[in-house]
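First up is the structure itself, then whatever we jot down about it.
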Amino acid sequence: MKLVWLVCLILLVGCSADNGFDQYTQMVKTETKSGKRNDSIFFGIRLGMTGKEFFTYCWEMNNKGVFTDGQANTKVLYKLDRNELKYPASMNFYPEIYDNKVRKMEATFQYDAWAPWNKHLFADSLLEDVFQLFTVWYKSGNPFIKITDPKRGILYVKVDGNRRIILAKKNDLSVKADYTDMLYVPVAIKAK
């Protein structure tokens, strides 16, 4: 389902001119052929770690008080309350494991005090704040490319070797970051 969403999104984005998609397409071609590997995701988690390594690492981080149980006990929670963002926030994440290895990761961000009357904490503002945080977390390699999609709005995409990061507004409450090992999970990209 997530792959279908991503392919549809990329195809939709590819239909409009001068929106950053051409630059993205060229970067994907160049980076995936470069032979470079960039497996770092965040907090010591990386693409290619085994499922057992991921669970053991998260257990250790939980014992240290860094991670805790996330949404409905089905995700891992990291509290962004150390001035990483403008306001205290939550980051929930969980990988997709193929052939017993982490090949994709989804992380969602939301401000803890979000409410319908707190417009300054909506995902529009959060997206820009998380993007600024990501420029610190992922400062090496290629820069993020800003892509404008008529339906989804602004997306930030970064491709370094095999690793692709897509950052976008999920809904009014949250922002989603998708990490993909492009060499393992190929995505058909066709610009029209």
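Okay, here's what the table says:
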| item | result |
| --- | --- |
| Selection status of L155, crowded, with 19+ Cβ neighbours inside 10 Å and not in a strand (DSSP E or B) | no |
| Residue within segment 144-161 that is of a type in the set (F, W, Y), at pLDDT below 95 and under 27 Å from T25 (Cα atoms) present | no |
| T25 being at pLDDT 60 or above, within 16 Å of T148 (Cβ to Cβ) and assigned to a helix (DSSP H, G or I) | yes |
| Checking D181 against (1) under 23 Å from D22 (Cβ atoms); (2) open to solvent by less than 10 Å² (accessible area, probe 1.4 Å); (3) touching an Asp or Glu at 6+ places or on another chain (Cβ under 9 Å), the condition it does not meet | (1) |
| Subset of segment 124-140 (residues that are within 19 Å of Y24 (Cα to Cα) and exposed (fewer than 14 other Cβ atoms within 10 Å of the Cβ)) | T135, K139, S140 |
| Residue within segment 105-127 that is part of a loop (DSSP other than H, G, I, E, B), under 17 Å from S40 (Cβ atoms) and of a type in the set (S, T, N, Q) present | no |
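The values are calculated or read from the model by the stated rules, or taken from the named source; none is laboratory data. Remember, predicted model here, so these are calculated numbers, not experimental data. Please note: Cβ atoms are built from the backbone with ideal geometry, for glycine as well, and neighbour counts cover all protein chains shown. Surface areas here come from the heavy atoms of the whole protein model, side chains and all, with no ligands, DNA or RNA. Shrake-Rupley method; radii C 1.70, N 1.55, O 1.52, S 1.80 Å.
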